Amino acid sequence: MTLESPDLKHLPEFVEKMGAAGLPGPVIDTFGYYYEKVVSGEKGMLSEKDIAPVADDELEDADALAGYSEAGHRARQKTVMIKLNGGLGTSMGLTTAKSLLDIKGGKSFLEMILDQAAHMGVRLSLMNSFNTQDDTLAALSRLRPATEPDIFLQNRYPKILRDTLAPASWPQDPDKEWNPPGHGDIYTALYTSGMLDAFLNDGIRYAFISNSDNLGATLDPDILGYFSERQLPFLMEVAERTPSDTKGGHIARLRDGRLVLREVAQCPESELEAFVDISHYRYFNTNNIWVNLVFLKELLDTHPVIHLPMILNPKSLDPRDNKSPAVYQIETAMGAAISLFQGAMAVRVNKDRLIPVKKCNDLLVVRSDYITATDDFRLVLNPARRSDRIKIHLDAKFYGKIDQFDERFARGVPSLVGCESLSVEGDVMFGKGVVLKGHVAISNLDPFQKVIPDNTVIEGNLSV
């Protein structure tokens, strides 16, 4: 397909728009690669016929890597911890960088990340997006960490009108014409920002990359030692899927033997039943990734446009306005790079390496005594817990956004250390020192708010 093709008549408009925004050539070329797939009708699907499940004995177990701890400590000075810090947390009603949200003990994600890096004595870097850059820089100026993190910007792609495949226009708020291209952009962003060369010139050889909203993901010396001693090009941390992980991307093997990551957006609708079958595809991507920067540099010097599987997301141009034009957002997943590196591997980790906060339901768990903070600023499962699983359902009408959540837990979140599941229906305000035990269901069927008194202990069903 050439630029003269009628199907690509809008591509020069995208190229001009991205050039005017100052985006580097490799970013523009990468967008063009994916745009050609969009106009040709490709949806980025990965079918069952092309992949096979990964068996237990194909994975290393992180619990068996203790012998690599010393090597991990030696490699720490050659390692950077990179946090993906581009999210706003719009699903929780946030309008600022999600990493600035208070998470535990009055500290934000960002503050705890800074504390983790300082305690471990490891170099820290943040990949911000155009949405989070100003917020994060202002916060760092206020916090004044002893060692400033290295910061580089995630790139951005223009949104594509679904009906014409032309660039989206929104004069009342031009920033909404752009979308972050997913965390798969990290490799190109490291390269085009000059940060990859800067790390290598400083003797940094290994990168541990994880989400800023996952404070369970710290620099594990056992895994780092294994990764560095084996000189692996790429290592993905995976965990065993549970019924609550059915939408997370799973790993599989391509027919040529390479590992591959498949996200739910890449699964044909007719195969969704197999996708969510946790006995079939047993392991999901925690989005904790280890990358050998020497191998990455070699790859990008040879292929500045890296071909990760495309994720085509249909959205509204303005996420808060469903009547705004229908658009496509081109995105890629960071873990999808596992298929690009010959010899890439996956390691099985426990769920305590994955404590994400995606919704207010998750925030309740992390702020409660279900999760505790260690002396080295990690978040871990409370050792008093009998089970590592808890199911939380908060009525989205009253708890879905952060301001609603904070109002109803203004006196403190309840104790969940002895709770197995919690369901709250209706508008309920929680008093101070409330304790929940076992399986708890709380309901308020009245059209006005009800209050649970201070120091109430609840077990079982309660109508208020």
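The values are calculated or read from the model by the stated rules, or taken from the named source; none is laboratory data. Source: prediction; values computed, not measured. Cβ sites come from the backbone with ideal geometry, for glycine too, and all protein chains shown count toward neighbours.
Some points to look at:
- Scanning segment 319-329 for any residue that is surrounded by 21 or more Cβ atoms within 10 Å (Cβ to Cβ), among the β-branched types (Val, Ile, Thr), more than 28 Å from LEU219 (Cβ to Cβ) and at pLDDT 95 or above turns up at least one such residue.
- Qualifying position, being under 17 Å from the mean Cα position of the chain (by Cα) and either surrounded by fewer than 22 Cβ atoms within 10 Å (Cβ to Cβ) or closer than 30 Å to CYS267 by Cβ (or both), among SER47, SER91: SER91
- Here ALA146, ALA207, ALA138 are screened, and the one residue that is among the hydrophobic types (A, V, I, L, M, F, W, C), within 17 Å of the chain's Cα centre (by Cα) and either under 26 Å from LEU114 (Cα atoms) or not in a strand (DSSP E or B) (or both) is ALA207.
- Only a single item in (1) in contact with a strand residue (DSSP E or B) (Cβ under 8 Å, 6 or more places away or on another chain); (2) at pLDDT 95 or above is not met by ILE402, and it is number (1).
- Sub-7 Å Cβ pairs linking a first residue in segment 314-339 that is assigned by TED's automatic domain parsing to the domain that holds ASP163 and closer than 30 Å to ARG258 by Cβ to a second residue that is buried (at least 22 other Cβ atoms within 10 Å of the Cβ) and polar (S, T, N, Q), at least 6 apart or interchain, are GLN329/ASN179; MET334/ASN287; GLY335/ASN285; GLY335/ASN287, ordered by first then second residue.
- Qualifying residue in segment 441-454 (condition: in a strand (DSSP E or B) and among the hydroxyl-bearing types (Ser, Thr, Tyr)): yes
- Among (1) in contact with a Gly (Cβ under 7 Å, 6 or more places away or on another chain); (2) farther than 30 Å from TYR68 by Cα; (3) hydrophobic (A, V, I, L, M, F, W, C), the one test that ALA373 misses: (2)
- When segment 425-454 is filtered for residues that are farther than 16 Å from VAL413 by Cα and aromatic (Phe, Trp, Tyr), only PHE448 remains.
- Residue check for GLY216: in the same structural domain as LEU100 (by TED's automatic domain parsing), of a type outside the set (Ser, Thr, Tyr) and modelled with pLDDT of 95 or more: no
- Scanning segment 48-63 for residues that are touching a residue at least 40 places away in the same chain (Cβ under 8 Å), under 17 Å from ARG258 (Cβ atoms) and small (Gly, Ala, Ser) turns up just one, ALA52.
- The lone exception for LEU137 - which of (1) more than 28 Å from ALA252 (Cα to Cα); (2) in contact with a Gly (Cβ under 9 Å, 6 or more places away or on another chain) it fails: (2)
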